[in-house]
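Since the structure comes first, as structure tokens, the remarks are kept for the end.
The values are calculated or read from the model by the stated rules, or taken from the named source; none is laboratory data. All figures in this text were calculated on a predicted structure; none of them were measured in a lab. Positions of Cβ are generated from backbone atoms using ideal geometry, with glycine treated the same way; all protein chains shown enter the neighbour counts. The protein model used for the area step is the full one, side chains on, heavy atoms only, and it has no ligands, DNA or RNA in it. Shrake-Rupley method; radii C 1.70, N 1.55, O 1.52, S 1.80 Å.
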Amino acid sequence: MLTDILARAAERPDALAVIDSRGRRTTFGQLAAEIARVAGQLRERGFEPGDAVLFAVRPDGGMLPLGLGVLAAGGVIVVADPGAGAGLAAARRQLLDQKLASVRWVAAESVLYALSARTSLRGKLKRAGLYLPDLEDRSLLRIRTGPWLPGAPLRPLPPRTGAPAQPALPGEQPGRDTPAVVVFTSGTTAEPRAVLHSLDSLHCGAQLLTGRIGAGPGDIVHTEQLMVALPFLAAGAAWSTSGVPVRPERVLRALRERGATHTFATAAAAETLLKAGPLPTSLRMFLLGAAPVPIPVLERLRDALPDTEIVAVYGATEALPIATATASEKLAYRDGDLLGTPLPGLSVRLDDTGEILVSGPNVAPAYLAEGEIRVLRTGDIGRIDPDGRLVLLGRAKDMIIRGSFNLYPRLYEDTVCRLPYIEAAAFVGLPDPVTLDEEVVLAVVPREGCPAGEAVARLRRELPELIDHAALPDRVVAIEAVPRTGRTEKPDRERLRELVRR
């Protein structure tokens, strides 16, 4: 992917590459010059191939040359997530110390260094759910971006000289099998999983995504997701961002004013955008991903953007993308959550339990703690229909046991959500410690204008005609909203169990 971006710079140096949150524009030639400058300065400061950088920089135009410069210098980016919480952050750092001894550097914005240096502010941030990496750790060599603030390193990297020249990259360039990025999957504090991607797995994933969506020079993708932006840049398209925290009004304004042709959002973010105002009909494609997309959200997007192709992308931290399906295909499918046809070059199969197994060139080569990934076990339960399309039935860990019947929530939740009076639905099981069976509870959010009692009563009457008898819930409960978790805002079934417990 790095070599692809540098190749685009050599071919079309004056083409637009980035529009940052302040509206500043960077060409591919300027981006390549910044990447080379960062890589050169890192080498001058003693950076060695294989060094890892704890990376706590928000996705914006300024972080791009820094991150790509680290890769150009042969380094590994370790993605730090300030929203992970203290316990998970500590477990991740312990894993890194054990398995990646070359974490010698930390890169962060000046404001994070300043906040980290003030104990009182760190306490307030922790109470707000933000846990900063230990930026005061003197065993780490520190890099900053942005204007200097008290507590930040004095010397910035890189200096912005505005020089149009494209200096040569320093030293021998890393090969495609070189480790490039460590990113953590969502998981428990006791068992964090650190996924190690190589330059090659990132490159192959980028080719699969842009090959499916047809992006290229002249296109502009607006997203705060760097792993979505990078494939577009590798294809010669431009990346637009309005910065984090994400504010829907700013996103809508940027989509309109910058002439975005593509955008990416989670289902929850898409719903927020729909409520914030009309979406620009100039969008050629609206990409959805990171979590299942409820049927009502797909319907509203289709109605709001009748001439825009709406595409749901199925993938994993270890392999993005795996399959895609359009909104029309998903809405027409009535027997589970259609994920689509696996992308070219990927091998997708099911094991004896129905778990989806994936192998292919975009699968990360290893977990730090667990070694090589030969076949990715996704943790998702699915089936393959007669047309070779992948259908999601649910997460293995979300399966509900009822006697000899295994209930997979996703198989039935979309059916419930197709009802005109239901906004959202989620099945959960409440285990009985004696029988080990589970009480099946269906939690629903009634659509606006439908009283909760009426929605529950109608569901009880209509469900026997809609879903398998063995999947009928023991209880139906109306709630105000399905609790969600993480940046991808997937349903939080643990919190939901507490919410519906008697």
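Residues are listed down the side, and each one gets a yes or a no for (1) farther than 25 Å from VAL195 by Cα; (2) not small (Gly, Ala, Ser):
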position: THR3; (1), (2): no, yes
position: ARG37; (1), (2): yes, yes
position: PHE47; (1), (2): no, yes
position: GLY67; (1), (2): no, no
position: ALA72; (1), (2): no, no
position: VAL79; (1), (2): no, yes
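For ILE373, the test of being within 30 Å of LEU209 (Cβ to Cβ) and crowded, with 16+ Cβ neighbours inside 10 Å is passed. Just wondering, is there one or more residues in region 205-224 that are out of contact with any strand residue (DSSP E or B) (no Cβ under 6 Å at 6 or more places or on another chain), of a type in the set (Ser, Thr, Tyr), in a loop (DSSP other than H, G, I, E, B) and surrounded by 21 or more Cβ atoms within 10 Å (Cβ to Cβ)? Within region 205-224, not a single residue is out of contact with any strand residue (DSSP E or B) (no Cβ under 6 Å at 6 or more places or on another chain), of a type in the set (Ser, Thr, Tyr), in a loop (DSSP other than H, G, I, E, B) and surrounded by 21 or more Cβ atoms within 10 Å (Cβ to Cβ).
Pairing residues of region 33-57 that are within 14 Å of GLY74 (Cβ to Cβ) with residues that are small (Gly, Ala, Ser) and in a helix (DSSP H, G or I), at Cβ distances under 6 Å and at least 6 apart in sequence or on separate chains, gives ILE35/GLY69; ILE35/ALA72; VAL38/GLY69; ALA39/GLY69; ALA39/ALA72.
Of the residues screened, PHE286 is one that is outside any helix (DSSP H, G or I), aromatic (Phe, Trp, Tyr) and open to solvent by less than 10 Å² (accessible area, probe 1.4 Å). When region 254-283 is limited to residues that are in a loop (DSSP other than H, G, I, E, B) and touching a residue at least 60 places away in the same chain (Cβ under 8 Å), the one that is farthest from ARG22 (Cα to Cα) turns out to be THR266. The residues of region 290-312 that are farther than 19 Å from VAL445 by Cβ and either aliphatic (A, V, I, L, M) or at pLDDT below 85 (or both), listed by number, are ALA290, ALA304, LEU305, ILE310, VAL311, ALA312. For region 471-492, filtered to residues that are at pLDDT below 85 and not acidic (Asp, Glu), the residue that is nearest to GLY429 (Cα to Cα) is PRO491.
Could you tell me how many of the residues in region 226-253 are farther than 19 Å from ALA15 by Cα and in a helix (DSSP H, G or I)?
Initially, region 226-253 is screened for residues farther than 19 Å from ALA15 by Cα, giving 226-228, 242-253.
Pick out the ones that are also in a helix (DSSP H, G or I) and you get 226-228, 248-253.
Number of matching residues: 9.
Which residue, of THR324, THR263, is more than 20 Å from THR378 (Cβ to Cβ) and surrounded by 22 or more Cβ atoms within 10 Å (Cβ to Cβ)? Break it down into steps so the answer makes sense when it comes.
Values: THR324 fails: more than 20 Å from THR378 (Cβ to Cβ).
The match here is THR263.
Among (1) surrounded by fewer than 18 Cβ atoms within 10 Å (Cβ to Cβ); (2) of a type in the set (Ser, Thr, Tyr); (3) modelled with pLDDT of 85 or more, which single condition is TYR412 missing? TYR412 satisfies all of (1) surrounded by fewer than 18 Cβ atoms within 10 Å (Cβ to Cβ); (2) of a type in the set (Ser, Thr, Tyr); (3) modelled with pLDDT of 85 or more except (1).
Sort out which residues of region 50-91 are assigned to a helix (DSSP H, G or I), at pLDDT below 55 and either surrounded by fewer than 18 Cβ atoms within 10 Å (Cβ to Cβ) or not aliphatic (A, V, I, L, M) (or both), and write them in order of number. If the condition is that a residue be assigned to a helix (DSSP H, G or I), at pLDDT below 55 and either surrounded by fewer than 18 Cβ atoms within 10 Å (Cβ to Cβ) or not aliphatic (A, V, I, L, M) (or both), then PRO82, GLY83, ALA86, GLY87, ALA90 are the ones that fit.
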